[in-house]
1. Output the residues belonging to the range 72-88 that are touching a residue at least 24 places away in the same chain (Cβ under 8 Å) and farther than 17 Å from Glu102 by Cβ.
2. So, in the range 44-59, of the ones that are among the basic types (Lys, Arg) and assigned to a loop (DSSP other than H, G, I, E, B), which residue ends up modelled with the highest pLDDT?
3. Mind checking which residues of the range 72-102 are over 14 Å from Val18 (Cα atoms) and surrounded by 18 or more Cβ atoms within 10 Å (Cβ to Cβ)?
4. Quick one: which residue in Ile41, Ile113, Ile62 is at pLDDT 95 or above and not in a helix (DSSP H, G or I)?
5. Within the range 16-36, how many residues turn out to be of a type in the set (Asp, Glu), in a loop (DSSP other than H, G, I, E, B) and either surrounded by 13 or more Cβ atoms within 10 Å (Cβ to Cβ) or in contact with a Ser or Thr (Cβ under 6 Å, 6 or more places away or on another chain) (or both)?
Amino acid sequence: MQSDPTRDGGGLSAIRSVSQWERALLAQWFAGTDRDGPAAIVAAYVSERSDEDPRLRNMIVIAEQEKTDLAFLLYRPTGEVAWVLDSARTGSELGRYRTLPEALNAVRHSRGIDYALPAKPAADADQLVEASNKQ
């Protein structure tokens with residue numbers, strides 16, 4: 001039986017924060033999803049406000065049909081590389097994915113986003129400046 005991240009004592013390790021880069025990927029994915037119809041995604045956000053369920057902190061929450069219709073939870077446990085996709089309705093694990101775009105694409109395919117691109121930049125700006133200064 002899979003651990004349920006929405007229940008106390010589920011044995012889940014700490015969940016790492018969602019980076020700004022990952023938030024940008026989430027926003028790009030959400031912008032390309034349908035808002036109505038049978039495949040509607042009406043909300044996709046990182047749960048971090050104090051008035052939200054503390055068990056969902058640092059998780060990506062995805063709602064279908066209505067904002068209160070939580071359907072999927074995405075998170076990366078601290079010290080792990082894989083993104084975990086859980087059903088918010090049943091608490092069962094639906095899969096583990098190497099990158100956030102792969103996990104989001106497992107929820108719904110998003111129009112106009114090239115998921116073949118790397119999930120993270122090859123190097124940050126400081127590394128690029130340093131590399132270009134050495135040449």
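1. Selection gives Thr78, Gly79, Ala88.
2. Arg57
3. Listed by number, the residues that qualify are Phe72, Leu85, Asp86, Ala88, Tyr97.
4. Testing whether each residue is at pLDDT 95 or above and not in a helix (DSSP H, G or I) leaves just Ile62.
5. Final tally of qualifying residues: 1.
The values are calculated or read from the model by the stated rules, or taken from the named source; none is laboratory data. Note that the structure is a prediction, hence the values are computed from the model and not measured. Here Cβ is always computed from backbone atoms with ideal geometry, including for glycine, and neighbour counts include all displayed protein chains.
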